[in-house]
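Just so you know, all these numbers are worked out from the coordinates, no wet-lab data involved. If you're wondering where the values come from, they're calculated on a predicted model, not measured in any experiment. Cβ: placed from backbone, ideal geometry, glycine included. Neighbour counts: every protein chain shown.
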Amino acid sequence: MTNQQTKRILSGMRSSNPRLHIGNYEGALRNWVDLQNEGYDMFCMVADLHALTTMYENAGEVSTNAREVAKDFIAGGIDPEKSSIFIQSHVREHAELHLLFSMITPLGWLERVPTYKEKQEDLGAAEREPYGLLGYPVLQTADILLYKPYGVPVGRDQAPHLEIGNDIAVRFNRLYNKEVFTPFKYMIPQDESRAKLPGLDMRKMSKSYDNCIYLSDTEDETARKIKTAFTTPSKIKKSDPGVPEGCAVCQYLRLYSSTWELQWDEDRQGLRGCMQSKTECTEAVNEYLRPMRQRRAELDDAAIEAILTRGAEKAREVASATLDEVKSAMGMF
Ligand code: TRP
């Protein structure tokens, strides 16, 4: 193994939902697992404070979700012996650095962020949206820079937040005339087809559309869901030609079946019916999820609390050293 062992990686996922779906896995978590297995020193964070920007009325739920998301990290292959898994709010340094960074971040940078701008175009948003939402990328910057990571693996949608992160790093160094931070790399998945895994109805996979396959679904739930999945609408009989590009079942086959090219060919030529594809797809997806289900079944609540306590301790060690350095650079003592 190379000296990647010494290279730190930080990433996070919001705990707005209790369960990760296979789209979350393919778009993000899978990358984390790969990086861990390449020997990087991974810090995997459940961003409960970020979830509060939209769920402040249900803070308790955000906390319960956070434990479930941590279980999905482990089920998905993050090994708590190799990587640090922690909940953002358990490491107070995140909140403190967020506050300090909020003093040096120009409002204009934040108002230009696409997700924020979209919200503001909605009439009356300023009356409703919390102050915390504007600071979302500042908190994310604190999350990242506390660990001085080599890279940050995220989906493409997060790129604007990461840019602010590096801008704040540069601004901090310049203002206080000290190289506390070095730029970090954006690690965005190259294989877009993985990141854009469609839902069962071919729309974006999202809890609000009720079209997800979850990592924690049972074999039967998965079978039932795939049975209802969207296929080529004009393919009624087996002999009708299919269009795999527009068929959810074929999209899953492409990722999870080693013989997908043959399956797609037969679908196109009307040599197979959608039921056969659905049966084979169910088998392939279930086989893929089987080790994840097994790891999840081995985790009880006490085990997860112990893992999160240890993860927070390891995170705090790095985070508090950086925060000390920040304050010292600013001349605060
Ligand atoms: N904003 C990210 C998302 O919605 C989650 C997140 C919070 C994050 N802090 C982070 C991602 C730090 C990477 C690094 O997915």
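List of remarks:
- q = 0.18, 0.19 Å⁻¹: log10 I(q)/I(0) that the Debye formula gives for the range 25-138, counting C-alpha atoms only: -1.06, -1.11
- Taking 4.7 Å between C-beta atoms as the pairing limit, the chain has these partnerless cysteines: Cys44, Cys212, Cys274, Cys281.
- Size descriptors for the range 61-213 (Cα atoms only): Rg and Dmax, in that order, 17.5, 54 Å.
- Given the chain, longest segment not containing exposed loop GluC sites (Glu not before Pro) (DSSP; at most 14 other Cβ within 10 Å): 180-297
- Under the Debye formula (equal points on every Cα, no solvent term), log10 I(q)/I(0) of the range 1-52 at q = 0.22, 0.32 Å⁻¹: -0.83, -1.19
- 5 Å-binned pair-distance histogram of the range 200-262 (Cα, whole percent): 4, 17, 23, 27, 19, 8, 3, 0
- Positive-end ranking of Cys212, Pro18, Ile304 along the dipole of the chain, with charges on Cβ about the Cα centre, is headed by Cys212.
- Between the listed residues Cys250, Thr228, Gly273, the Cα displaced farthest toward the positive end of the dipole of the range 217-295, a dipole computed from Cβ unit charges relative to the Cα centre, is found at Thr228.
- Ranked Leu323, Leu146, criterion: other C-beta atoms within 10 Å, fewest first: Leu323, Leu146
- At 1.002 mPa s and 20 °C, Stokes D of the range 174-311 from Kirkwood alpha-carbon radius, µm² per second: 122 µm²/s
- Taken about its Cα centre, the range 31-72 carries a charge dipole of about 100 debye when Lys and Arg each add +1 at the Cβ and Asp and Glu each add -1 at the Cβ.
- Positive contributions from Lys and Arg (+1) and negative ones from Asp and Glu (-1), summed over other residues with Cβ under 15 Å from the Cβ of Gly23, come out at +3.
- Student exercise, the range 175-333 dipole from Lys, Arg, Asp, Glu Cβ charges, in Debye to nearest 20: 400 debye
- Values of log10 I(q)/I(0) for the range 217-295 across q = 0.13, 0.15, 0.23 Å⁻¹ run -0.36, -0.47, -0.99, by the Debye formula with one identical scatterer at each alpha carbon and no solvent.
- Net charge in the neighbourhood of Glu61 (other residues with Cβ under 12 Å of its Cβ; Lys, Arg +1, Asp, Glu -1) is -2.
- At 0.890 mPa s and 25 °C, Stokes diffusion of the chain via Kirkwood alpha-carbon radius, µm² per second: 114 µm²/s
- For Leu262, net neighbour charge (Lys/Arg +1, Asp/Glu -1) across residues whose Cβ lies under 14 Å away: -2
- Charged-residue dipole, Cβ positions (Lys, Arg, Asp, Glu), the chain about Cα centre, Debye nearest 20: 380 debye
- Of all beta bridges that DSSP places with both ends in the chain, some 10 percent have antiparallel geometry.
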